[in-house]
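Notes follow once the structure below has been shown.
Every number in this text was worked out from the coordinates using simple rules, so none of it is lab data. Source: prediction; values computed, not measured. Every residue, glycine as well, gets a Cβ built from its backbone with ideal geometry; the counts of neighbours run over all protein chains shown.
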């Protein structure tokens, strides 16, 4: 449980630090006008960004706990390390590209270069779909070679982790889909921009999660 | 910017005013309607769980009397009672119900930041409840694995509901967690983003603080339950071996190899212990506001109370293994978890002292909500102290499988939060419905519930000391249990049935109030917090009419010296009071 604990402790410490800073030298019992900054969220974030950050904390907790279980289960006698399908390397590259494309799209969107949003979104979507298809291929490959989910706990964790990660990406694809439809509907460019911004953060996060998962599975 | 972003939405909110009955009351995006939907659904499943507990008590009090209760049923009742009460009633009611109703009103917002997501949260919660209730009617019935669902027995042949019940239970939990996450994102974002002008974090009422920190705990802890539920589903349906060791059950080898049941316990309690505080922190917050309002006195040590809530929230993540002493662990771990468990008593005790000191020399009005709040202090101290017993490894080991534990957690986690739930309902009822209830009936309800629950759980401690084991369908003939233990069990059952039937008083009061109750004053308790200052009672869609309120002070300006009333609402500017006297008041702090 150490992994889960450390990750959670870090997140909680950050939050508690901020809360304590808000509360330490205040005198709440004194009535009067307060500074404008006092009813604002951390870092002047917008609501959707706050919600996304909170969700990232939830997802971090989720993956950290699976990894805790992974490290505990690994120590038991019947664990046989699994050979990961090599297609995963290509998938990783594709996901990195998707992240890069999102960043590129976001940068152009923020600097007002609206024309780049549509191709950027499309390309990012294609790359992400390719990643998911690649993950599916990896599953097929494992099943074809008799490495079923039940063969070994290492296999079970592989399917669990890739599945959970894939589902999170699918969730992101829903937001991506809405943004794309809006972008091609040619309206509300501000909302599209904001969606692109949020998607970029989410994709970076899922890339990071994937790198951690992949690295862990490779090394064990 | 965050604040402005919300304020700018004013016109938008007006636009979406619900028109039809369906958009107003069914597919509603209004936080108040959603809160009531959450509340009613939670109370409904709570009644189911209450009936289950009555069935359990019938069996324990009068064994071999009721032919319709067999051992399998009994374990199903235990499991469903525990799971429903902890998750589908208390968690949903405090966060989905009170959280939804109170957060936007108390921080001076028009609604939750994401109303659509909020609506979705309720309907997904309803789906989880329906899945759970369906499990009563599937072949084999609901799961009887115990509310902690420990493997291997939870998914081994021989446990009731092993075919369908456990699947539906795990699925329902997963759906519930999705619903909770949607709601939780809303509560956190609303508290951080949608506070009205002047409402700093340290001016928020403690109710909001409690709900806010509890939501954060829930968001971080529920994933542990989700992970364990998913992994157990895999073990059950795909025959993986996350938790399942190599066993053959009832002569059948299900094909598992070397999994770890202890791993499940770690994951489960990593969620399970914060869950205690997910329920307790909102109760702490609400009780603070009730005591302060009805004692006409500012809460003692407001900042200390906030820090205590934060500290308890943080500490609650490092005590989970005190639920697992009997599972066996390295003695150093036992020492560590016993120590952290005792440390968490410090901020908790601090809160209790502050509640009592708030009452000290207060102008106490023993109205119905106040009775429940003071009753809570009693039951909570009681349950908290037995928690200190059980937090120590050496005392926990002999007591863990006895009724002492049942008494402890029902006192601290059952009776205490439920008293707060009732207190809160009586407190905010006039605002929610615009009508008053019958005060006398409410007081009867309090006294019968309070004394009744004490009659149930006080004797249980004694049974526990005698070694009467929990989880048993029938005690049979054993030497260490005197015959009088059975008499006590019969008494407890009578008390439990009494308390269960007493709740009819509450529902009668509710129905009477809704039909014939006198119109309530907008602020019947002379309270300071913003929800009592709305232009309409009950508040209309958008809460505040044309202009958002502005907050000028904390929530506890009661009996301020030199001011004509004994309360100053949060939206009264500082200049509107007698300045000289007010200055004097400030210096006194």
(request) Compute the relative contact order of chain A as a whole-number percentage, counting only Cα pairs closer than 8 Å that sit 6 or more residues apart in sequence. (result) 25 percent
(message) For region B:373-415 and region B:261-328, what is the centre-to-centre distance using only Cα atoms, to the nearest Å?
(response) 14 Å
(request) Order the peptides A:207-217, B:513-523 from the highest to the lowest mean number of other Cβ atoms within 10 Å of their residues. (result) A:207-217, B:513-523
(request) Calculate the mean, over all residues of peptide A:19-26, of how many other protein chain Cβ atoms lie within 10 angstrom of the residue's Cβ. (result) 5
(request) Determine the relative contact order of chain B: mean sequence separation of Cα pairs under 8 Å and six or more apart, normalised by residue count, in whole percent. (result) 15 percent
(request) Calculate, for residue B:394 and residue A:74, the FRET efficiency according to 1/(1 + (r/R0)^6) with r their C-beta to C-beta distance and R0 41 Å; round to the nearest 0.05. (result) 0.80
(request) Starting with the fewest neighbours, write out B:273, B:365 ranked by other beta-carbon atoms found within 10 Å of each beta-carbon. (result) B:365, B:273
(request) Would you mind classifying the protein assembly as shown by shape? Square roots of the alpha carbon gyration tensor eigenvalues, ordered a ≥ b ≥ c; an a/c under 1.5 is rounded, otherwise it is prolate if a/b is larger than b/c and oblate if not. (result) oblate
(message) Just want to confirm a number: the relative contact order over region B:205-325, from Cα pairs under 8 angstrom separated by 6+ residues, in percent.
(response) 37 percent
(message) Under the 0.36 nm per residue contour assumption, what length would be gained going from the current alpha-carbon distance of residue B:20 and residue B:500 to full extension?
(response) 169.0 nm
(message) Checking the a/c ratio against 1.5 first, then a/b against b/c, what shape does the Cα gyration tensor give for chain A?
(response) oblate
(request) Would you mind getting me the FRET efficiency between residue A:6 and residue B:462? Use the beta-carbon distance for r and R0 = 41 Å, nearest 0.05. (result) 0.45
(request) Sort B:40, B:551 so the one with the fewest other Cβ atoms within 10 Å of its own Cβ comes first. (result) B:40, B:551
(request) Please give the helix B:579-588 orientation as an angle from the longest Cα principal axis of chain B, in degrees from 0 to 90, rounded to the nearest 10. (result) 30 degrees
(message) For the ranges A:22-28, B:235-241, A:85-91, B:471-477, what's the packing order if you count other beta-carbon atoms within 10 Å of each residue, average per peptide, and put the highest first?
(response) B:235-241, A:85-91, A:22-28, B:471-477
(request) Evaluate peptide B:184-193: per residue, the Cβ atoms of other protein chains within 10 Å of its Cβ; return the mean as an integer. (result) 6
(request) Order the peptides B:50-56, A:196-202, B:212-218 from the highest to the lowest mean number of other Cβ atoms within 10 Å of their residues. (result) B:212-218, A:196-202, B:50-56
(request) In whole angstrom, note down how far apart the Cα centers of region A:158-220 and region B:115-189 are. (result) 27 Å
(request) Could you work out, residue by residue across A:166-176, how many beta carbons of other chains sit within 10 Å of that residue's beta carbon, and then give the average as an integer? (result) 0
(message) Nearest 10 degrees is fine. How inclined is helix B:165-193 to the longest principal axis of chain B, computing both from alpha carbons?
(response) 20 degrees
(request) Relative to the longest principal axis of the C-alpha atoms of chain B, give the angle of the C-alpha long axis of helix B:483-516, reported between 0 and 90° and rounded to the nearest 10°. (result) 30 degrees
